[in-house]
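Quick notes on the structure that follows.
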Amino acid sequence: MSVLLSDAAGITGRLESALSGLAVFRTAGRQGFTREVFSESYRDSRQWVADQMKAAGLEVRRDEAGNLIGRLPGRNPAAPPLVTGSHTDTVDGGGRFDGVVGVLGALAAVQLLRESGTVLARDLLVVDFLGEESNPFGLSCLGSRALAGELTKADLARTDYSGRTLAAAYTDFGVDPSTLLGFGGWTGRRRPHAYLELHIEQGPTLEARGLPIGIVTAITGIERLVASFTGTPDHAGTRPMDDRRDAMVAAAEAVLAIRSEGCGAPEHGVATVTRLENASRSPNVVPSLVRLYGEVRSIDESWLWGTRRRLAAEIAARAAEYDVEADLSWSTDNAVVRASDSVQDLAGEAASAAGIDWMPIPSGATHDAVHMAALAPMGMIFVPSAGGKSHCPEEFTATDQIAAGVRVLADTLVRLDSHHFSVRPHAIQRSTP
Ligand SMILES: [Zn+2]
């Protein structure tokens, strides 16, 4: 067993104190450990993260897109670098582990490499990507999108609830938005050799199977649905039940149809209605215009595309029973992104060499890895989430479980360092959400 994979004393202690150190940065008066992108607490926390990177022996810089990057020099700085990392922003009311584990875990992996005397041939870049979580501008993964050259002029013109543009938010945060469009930091000749991200699972599968490590096979595709139901407004007290065109009832039928589509999905497929809006606020009017918002997720493209057809037919048929018109529109928020077979194989070998049990697992959440996959062979390592909970203050992963993930991360990076990829990724087709 390599030094890297032996039970290195000190990882758990260091992780423990780093996790508590970062958790101090939270927005006062908000639930949980809130540290949203562009906020004061986020700004302060990133200075702390930069200091942690320096303490781990990395050369630290902030790139033009606001990503924090720590570099561990390799023997051949001209070779395409290895990249690992994640994010340190949270959702409103978020927890202490989502994203954070991938940044602080990467620093722990760097320390393991140094302590074991391992010097990589390539540079290793540890990235704290800017703003991965969803935000009031409706655009997630800001930093990784910019690196992949996917940020558009229309994105920068997006506004939050107060009418402030994303471009203005960047400016206030000290990032010049005019440099972002042509940035595409790591596209073309600057593509990395490979990207590997350690992350909490955010779901219940690993815990339920009693397994410490998941090696991600693919990241879910997301199809979003907006359905409008049009009936006739009528007096709710006088119009007989058999003579109504009630848009709410048709929408309710659609909620159930979408749920049963999700229940009949192949493994890891889900379908959810997230919002219903009634155009009328009157308590005594038969609803005549109701809008439904939903999403369907799976790593099975054929099932995902099939849901569009099946739900269109089912929802229209049920609405027709109530003489209500149904109008559906779909958009692809994220195409299914597959992890590189080679990265999966090497991570599996690393886990097995350390005597750590693992399983292949799909990711039902999206990550910076989605955008990095357009640039380099991509892989992700999952560690369990207690109770499958995430995006809430109760989010928890035991430090020894994170340490197991760090050991697999470090050894996989060593294996990737000398690996020759025969298949490189090509640009991923993605529609604008
Ligand atoms: Zn995350």
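No lab work stands behind these numbers, since they all come straight from the coordinates. In this text the structure is predicted, and so the values were computed from the model without any measurement. Note that we place each Cβ from the backbone using ideal geometry, even for glycine, and neighbour counts take in every protein chain shown.
Worth a mention:
- The charge dipole of the chain, taken about its Cα centre with unit charges on the Cβ of Lys, Arg, Asp and Glu (plus for the first two, minus for the last two), comes to roughly 900 debye.
- Relative protection proxy for 222-229, 363-370, 132-139, 173-180, from highest mean packing down: 363-370, 222-229, 132-139, 173-180 (other beta-carbon atoms within 10 angstrom).
- The amide H of Asn334, built 1.01 Å from its N in the peptide plane, has Ile222 as neighbours under 5 Å, considering only residues 5 or more places off or on other chains.
- For the range 301-433, the Kirkwood radius over C-alpha pairs fed into Stokes-Einstein at 25 °C and 0.890 mPa s yields D = 135 µm² per second.
- DSSP beta bridge pairing in the chain, given as percent antiparallel to the nearest 5: 70 percent
- Rule-of-thumb Rg ratio for the range 221-334 [Cα; 2.2 N^0.38 Å; N residues]: 1.12
- Note: relative contact order over the chain, using C-alpha pairs below 8 Å and six or more positions apart, is 22 percent.
- Hull-based mean projected area of the chain, where the convex hull spans the alpha carbons, in square nanometres: 21.8 nm²
- Rounded if a/c under 1.5, otherwise prolate or oblate - the range 130-249, Cα gyration tensor axes: oblate
- The range 221-334, relative contact order in percent, only Cα pairs under 8 angstrom and at least six apart counted: 44 percent
- Unit charges at the beta carbon, dipole of the chain: most positive-side option, Thr220, Ser45, Val286: Ser45
- Descending by average beta-carbon neighbour count within 10 Å, the peptides 292-299, 110-117 line up as 292-299, 110-117, the highest first.
- Length-normalised contact order of the range 361-413 in % [C-alpha pairs under 8 Å, at least 6 apart]: 25 percent
- Distances between placed amide hydrogens fall under 5 Å for Ala194 paired with Val83, all partners being 5 or more residues away or on another chain.
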